[in-house]
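J.: Quick one: the structure is below, questions incoming.
Taken together, the values in this text are just the output of simple stated rules run on the coordinates, not laboratory data. The shown structure was predicted, so the numbers you read here are calculated from the model rather than taken from an experiment. Counting neighbours? That spans all protein chains shown, and the Cβs are built from the backbone with ideal geometry, glycine included.
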Amino acid sequence: MTTTVDKTAIRDAATVIVLRDRATDPHVLMGQRGASAAFMPNKFVFPGGALDAGDAEIPLARALPPLCADRLAEDSATDLSHALAAAAIRELWEETGLILGQPGDWPGAVPPDWQGFAQTGHVPTAHALQFVFRAITPPGRPRRFDARFFLIDAGEIASDLDDFSRACEELSHLHWVPLRRARDIDLPFITEVVLAEVEARAHDPAPPASVPFFRNDDETSLFLRLNGRPMPARD
């Protein structure tokens, strides 16, 4: 019997969970992927996407919390914490038109992918991003990502929370979903798992000291914690 080895390259990626009204009636921002999308067609997801080559060079007016940067560096061949933070801010802007930044001028030339962001008069800030989950896409999928999920309080967004007019067309039906009902819509499995973690942290403003890591290698699937012990299997 011949065993087929999955050769799909795993790309680093950043995903953003924007949480609104967390103290009263928490809502999360989600959109629907297109029917023709190669990855997770028709599913409702958080904004996010793969790292770009230039993300590591993007100036951040304020850096990630040191605790989050430390967790991002764990179980990684290189420290991608700065690049992942920049990617999270860029993907949020591209897919929703929302601005995670502060008023200011860019130091030096603005990269092409950031022209629209810079024209709003803002520079990106990462201090309010909280690293809360990491997951690798299982083998056998058309695309595989090593995705880091960042939680951000909507109060940190510098633009109108209901204005998605500057969003690209990658996600449709952008809207604020009540957190208590989010798992009732058509979601990828991993998004359901992440939502459970968000629900548990909805009223905790501090970044987690221990971060779940759903690791899918070619031969094994492990549910670990960065800076912690393996987690018990979930039903």
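J.: With angles folded into 0 to 90 degrees, how steeply does helix 189-201 sit against the dominant principal axis of the chain? Use alpha carbons for both and round to 10.
T.: 60 degrees
J.: Per DSSP H run of at least 4 residues, take -39500 (n - 2.57); add these up for the chain, divide by its residues and hand me the 222 nm value, nearest 500 deg cm²/dmol.
T.: Value at 222 nm, helices only, nearest 500: -5500 deg cm²/dmol.
J.: Something else about it: How fast does the chain diffuse by Stokes-Einstein, in µm²/s, taking the Kirkwood radius from C-alpha pairs at 4 °C and 1.567 mPa s?
T.: 71 µm²/s
J.: Sticking with this one: Let me have the relative contact order for the chain, percent, based on Cα pairs under 8 Å that are six or more residues apart.
T.: This gives 28 percent for the chain.
J.: At q = 0.17 Å⁻¹, work out log10 I(q)/I(0) for segment 10-135 with the Debye formula, treating every Cα as an identical point scatterer and leaving solvent out; two decimals please.
T.: Rounded to two decimals, the profile gives -0.95.
J.: Give the long-range amide H neighbours of Gln102: residues separated by 5 or more places, or on another chain, with amide H under 5 Å away, using H modelled in the peptide plane at 1.01 Å from N.
T.: Amide H neighbours of Gln102, under 5 Å, 5+ apart: Val123, Thr125.
J.: Dipole magnitude of the chain about its Cα centre, charges +1 at Lys/Arg Cβ and -1 at Asp/Glu Cβ only, in debye to the nearest 20?
T.: Computed charge dipole of the chain: roughly 520 debye.
J.: Using 0.36 nm times the number of residues separating His175 and Asp25, minus their current alpha carbon distance, what extension gain do you get?
T.: Using 0.36 nm per residue and subtracting the Cα-Cα distance, I get 52.5 nm.
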